[in-house]
1. Ignoring everything except DSSP H segments at least 4 long, calculate the 222 nm mean residue ellipticity for the protein assembly as shown; use -39,500 (n - 2.57) per segment, divide by total residues, nearest 500.
2. Convex hull over the Cα atoms of the range A:87-208, averaged projected area in nm²?
3. Starting with the fewest neighbours, write out B:108, A:134 ranked by other beta-carbon atoms found within 10 Å of each beta-carbon.
4. Could you give the angle, 0 to 90 degrees to the nearest 10, between helix B:147-159's Cα long axis and the longest principal axis of the Cα atoms of chain B?
5. With every atom except the alpha carbons ignored, what do you get for Rg and Dmax of the range A:169-213, in angstroms?
6. Got a sec? How would B:28, A:554, A:530 order by Cβ neighbour count within 10 Å, fewest to most?
7. Once you compute Rg and the Kirkwood Rh from C-alpha atoms, what is the Rg to Rh ratio for the range A:550-663?
8. Quick one: of the DSSP bridges fully inside chain A, what percent are antiparallel, nearest 5?
């Protein structure tokens with residue numbers, strides 16, 4: 001018997017219309033756990049680097065995390081993987097909600113989709129009965145409506161539906177897969193789904209999910225729940241309210257948005273508005289939010305309330321479900337002070353199925369191009385004068401790929417190059433071709449430099465976590481913080497605690513503090529915890545993302561072991577995360593990613609230190625067991641049991657080519673010089689001081 | 001005097017997470033906690049997010065007949081089917097039935113747990129949509145039917161005592 005997982009994957013070939021059940025290899029669970037780890041393994045094994053994102057040979061994998069559906073609080077995530085049309089690297093996007101547990105109860109761990117259907121179809125997984133059904137009547141329907149229509153026609157109100165909207169059908173490079181209250185939005189996986197002619201996957205299950213060592217497992221689950229209650233009663237002191245609790249930022253219940261609105265950039269990642277959050281704004285926004293939020297809602301088996309049902313009578317819109325930071329992304333992108341606008345456009349955007357991070361940035365980019373005469377009334381006929389209306393206008397164009405929307409639908413990076421005429425200069429917030437969170441600060445931060453540069457996930461929130469964002473102001477708060485900081489890995493306690501205790505002292509200024517060996521350990525810890533979550537399907541909001549989470553490196557090995565029957569301790573779990581991390585990197589390396597791609601935009605910090613940055617990167621690569629091009633060495637790969645990867649690299653000449661193309665310090669210097677020139681030309685638009 | 005056990009349900013506090021379903025089904029697995037399957041849970045959250053319906057319903061009696069006709073309740077301008085609040089395991093819906101045998105499920109207030117502890121669904125609902133109370137009422141303590149009795153009774157009602165007896169004899173022979 002298999003425990004925690006079902007041991008069965010569904011293999012769907014949409015070109016042939018075939019449906020097969022395949023037992024998965026239990027050894028892969030031992031090596032990679034599940035979720036993102038086993039997805040990466042399948043992509044490595046079955047999708048060679050020549051495969052284009054919109055090839056029938058690109059696989060679209062929906063995977064429940066290893067622990068999804070068990071009684072472990074917050075174990076509910078679906079990890080969706082494919083080759084991304086935007087980054088051309090491995091895309092994976094992770095959603096909460098209810099879909100993954102339902103898939104497990106239906107008897108499957110993954111749905112692996114290849115091929116393309118000639119007509120729009122949807123998949124109906126009803127336990128053992130699996131059908132490919134016609135979806136022509138759902139063409140162009142919004143995500144919420146699609147889910148509702150499918151439930152009605154199947155007469156199955158408990159079916160969980162993951163669906164694309166119009167944007168996915170039109171292969172918008174940042175199209176999402178929506179699931180009512182959650183979405184898998186990054187990397188354009190909605191476009192891959194649309195390209196395959198797959199509108200939705202509905203799932204319903206009634207089977208048992210088995211646990212290997214029940215008493216031990218449920219004891220650990222109870223401890224986790226108790227700790228959540230404890231953290232609820234004891235928010236972390238000395239940090240902004242939005243960071244003091246658990247979950248993804250509780251933006252649906254918390255009104256205090258000072259931290260986001262004053263730290264993050266507005267417009268096309270341009271302006272910081274440090275004095276934005278006034279008492280008056282707080283009052284106004286609280287009123288709007290209280291009116292808009294009908295109910296706070298959760299994902300499967302989780303007491304956190306990261307989402308909300310939005311119902312805004314004055315807006316006269318159909319209801320929708322919202323979460324987290326999307327409340328602010330459109331507002332800040334459009335440079336408006338009107339929170340109502342945020343609620344309104346997010347509903348529309350979700351209906352079309354587009355990413356709430358990337359979309360507002362693409363639109364802000366277009367607005368900037370228009371204001372600087374690069375896009376004109378010719379490309380934007382009837383372009384409204386008010387930013388809010390411009391955003392609605394652009395959303396329509398993008399989702400329909402109409403006119404200039406057809407170009408903007410490829411995201412800032414590609415659109416900038418297609419538009420030309422200097423548009424590239426306005427692409428200043430993408431890394432590896434993907435829009436990043438708009439946060440442009442003053443002083444280079446080595447911890448974040450590494451995470452932005454080398455993260456396989458190309459998305460800082462899927463890499464960072466656990467650490468406060470700023471030093472504690474008083475000694476007392478620092479001591480209080482480390483007093484019950486139980487989450488720190490074994491052997492690192494003393495150093496990590498000293499870091500918190502010293503941070504903020506006179507000689508602890510960025511960027512030359514903390515010392516690099518400590519920087520690397522802190523980065524590796526943050527990243528490793530995410531890799532574990534992405535394999536287990538435990539929500540990062542209860543684990544790798546917030547400060548002092550209930551899941552950590554000490555209880556996770558026991559939890560995974562007791563659920564699955566595998567024998568995993570802290571070291572072994574760390575090694576699995578490392579294996580998955582290197583395998584993901586190997587996929588991207590094989591697809592051509594190199595050191596030159598691993599660099600935050602020039603204006604990411606106002607104060608840059610090119611030589612120091614080269615040093616950081618050189619030494620971090622060494623620390624990770626990668627060569628100077630960022631390619632995992634043969635020793636590193638073989639040590640993790642990834643010798644099939646190193647063999648492939650050798651056959652393809654990846655290592656040889658790597659040696660030729662070492663990035664020289666000179667090239668960085670010349671880049672730096674270019675930046676200086678650009679900066680003087682653009683002057684004011686480089687953002688405010690930190 | 002008899003003790004009445006009350007689970008109070010505050011639908012306004014329910015966030016629809018279904019932790020109650022997860023822990024209930026795990027507790028009632030054999031061996032205990034050896035599996036999870038909300039379909040076996042004796043509490044289900046009936047929800048329709050867009051209609052703001054979030055109603056945890058705890059399995060009550062088995063009934064062999066459907067209701068004669070249906071009612072619709074309108075509460076705060078929202079329409080609710082009467083089934084939204086009904087606790088019965090009945091032929092009109094697939095709620096509160098063992099997924100493989102179809103036998104009815106009924107909440108036992110976690111009977112086997114030590115009496116001072118709250119039912120597990122209440123313990124796992126840390127948002128307090130479910131809370132527990134005991135109160136004294138006039139009347140005699142009744143002997144409650146055990147779980148198997150509830151199941152067998154439903155089979156007897158459905159197929160007749162003789163068929164059940166014969167079938168039982170046949171399948172337990174040898």
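Rule-based calculations on the coordinates, nothing more; no lab input. Predicted model, so just to flag it, every value in this text is computed and none were measured. Reconstructed Cβ throughout: ideal geometry from the backbone, glycine too, with neighbour counts over all protein chains shown.
1. On the way: 31 runs with 331 residues, N = 864.
-11500 deg cm²/dmol, from helical runs alone.
2. Values: hull surface 27.7 nm².
Dividing the Cα hull surface by four gives the mean projection, 6.9 nm².
3. Working: B:108 17, A:134 12.
The most exposed by this proxy come first: A:134, B:108.
4. The two axes meet at around 70 degrees.
5. Final numbers for Rg and Dmax: 14.6, 47 Å.
6. On the way: B:28 21, A:554 13, A:530 25.
Ascending Cβ contact count within 10 Å gives the list A:554, B:28, A:530.
7. Details: Rg = 17.2 Å, Rh = 16.1 Å.
When Rh is taken as the Kirkwood radius, the ratio is 1.07.
8. Working: 48 of 61 bridges.
Counting only bridges with both partners in chain A, antiparallel ones make up about 80 percent.
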